[in-house]
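Data block below; observations after.
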Amino acid sequence: MSDTQTILQIDTQAEIEKIIRQLDTLPNKLKAPSVLASAINATANEMKKKIGQRARKRYAISDKKILTKKDRGGMYLERATGSSSTATLISRGGMVEAMAYMTRKNTETTAAMLKVLNESAMTALEVDGRKAFQTTFQSGHTAIVQRVGRSRLPVRSLMAPAVPMLYGKSYEEAELDYYAILQRHIQREVERALGSFGNAA
């Protein structure tokens, strides 16, 4: 099973000290860890959105559920709290069926085709003269399959890259600006705390 865990790491103590300096009363200052946790969670959610957008832009995904369903590899957030200022974006899942990506049905003369990257051309799925083809099983499930040998049966469903692999490539781009995003959310949470509790005794 593929597994990707992305941890947003910061100097927690330094960030809390900066937040405390911006808060005006003792009750507000005591909320600094919670303010930071809220900002980290907001940052992680924004990163999750950016990573998903980059994955959709890079990969020729036809089944959008692989990016939204947790049990299919969709990314989810383990939230930071006031006592633990760590937010983790997690994606778990194995390879997915080829039809989760852009495919083209076989014809009488050509094999079924697959495209994983948007910038790539469709690739014919053929090995040792065994052409992949689209079929619907008795269960009603449709898949791209290939014969295991020369005989008509058995066949195997063809698989394509797991979702955590897609996120891994997209995260490398998104992580470059996460600290600036965090600072923006910290400022927003500080302003929210001052607005909500600025008049506290």
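Just name the residue that is surrounded by the fewest Cβ atoms within 10 Å (Cβ to Cβ) out of those in region 21-74 that are among the acidic types (Asp, Glu) and touching a residue at least 40 places away in the same chain (Cβ under 8 Å).
ASP24
Would you be able to say whether some residue in region 178-195 is modelled with pLDDT of 90 or more, more than 23 Å from the chain's Cα centre (by Cα) and not assigned by TED's automatic domain parsing to the domain that holds ILE20?
no
Among the residues of region 77-93, which ones are surrounded by fewer than 16 Cβ atoms within 10 Å (Cβ to Cβ), over 27 Å from ALA162 (Cβ atoms) and polar (S, T, N, Q)?
THR81, SER83, SER84
Condition test on ALA121, is it among the small types (Gly, Ala, Ser), surrounded by fewer than 10 Cβ atoms within 10 Å (Cβ to Cβ) and either under 19 Å from MET95 (Cα atoms) or at pLDDT 95 or above (or both)?
yes
Among the residues of region 59-80, are any modelled with pLDDT of 90 or more, among the β-branched types (Val, Ile, Thr) and within 26 Å of GLN183 (Cβ to Cβ)?
no
Could you tell me whether any residue of region 4-11 is surrounded by 14 or more Cβ atoms within 10 Å (Cβ to Cβ) and within 30 Å of HIS141 (Cα to Cα)?
Among the residues of region 4-11, at least one is surrounded by 14 or more Cβ atoms within 10 Å (Cβ to Cβ) and within 30 Å of HIS141 (Cα to Cα), which makes the answer yes.
In region 130-159, which residues are among the hydrophobic types (A, V, I, L, M, F, W, C) and loosely packed, with under 15 Cβ neighbours inside 10 Å?
Scanning region 130-159 gives PHE137, VAL148, LEU153, MET159.
Looking at THR81, is it out of contact with any strand residue (DSSP E or B) (no Cβ under 9 Å at 6 or more places or on another chain), in the same structural domain as ARG188 (by TED's automatic domain parsing), touching a residue at least 24 places away in the same chain (Cβ under 8 Å) and not basic (Lys, Arg)?
Taking the combined requirement at face value, the residue satisfies it.
Within the bounds of region 121-131, is there any residue that is closer than 14 Å to ASP63 by Cα and either under 24 Å from the mean Cα position of the chain (by Cα) or of a type in the set (Asp, Glu) (or both)?
no
Might you check whether a residue that is surrounded by 14 or more Cβ atoms within 10 Å (Cβ to Cβ) and at pLDDT 90 or above occurs anywhere in region 170-177?
No, there is no match, as no residue in region 170-177 is surrounded by 14 or more Cβ atoms within 10 Å (Cβ to Cβ) and at pLDDT 90 or above.
Which of the residues belonging to region 63-85 are among the hydrophobic types (A, V, I, L, M, F, W, C) and under 12 Å from the mean Cα position of the chain (by Cα)?
Those that are among the hydrophobic types (A, V, I, L, M, F, W, C) and under 12 Å from the mean Cα position of the chain (by Cα): ILE66, LEU67, MET75, LEU77.
Residues are listed down the side, and each one gets a yes or a no for (1) within 14 Å of LEU158 (Cα to Cα); (2) of a type outside the set (A, V, I, L, M, F, W, C):
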| position | (1), (2) |
| --- | --- |
| GLY52 | no, yes |
| LEU67 | no, no |
| ARG79 | no, yes |
| ALA98 | yes, no |
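The values are calculated or read from the model by the stated rules, or taken from the named source; none is laboratory data. Since the structure is predicted, the reported quantities are computational estimates derived from the model, not experimental observations. Glycine also receives a Cβ, built like all others from the backbone with ideal geometry; neighbour counts cover every protein chain displayed.
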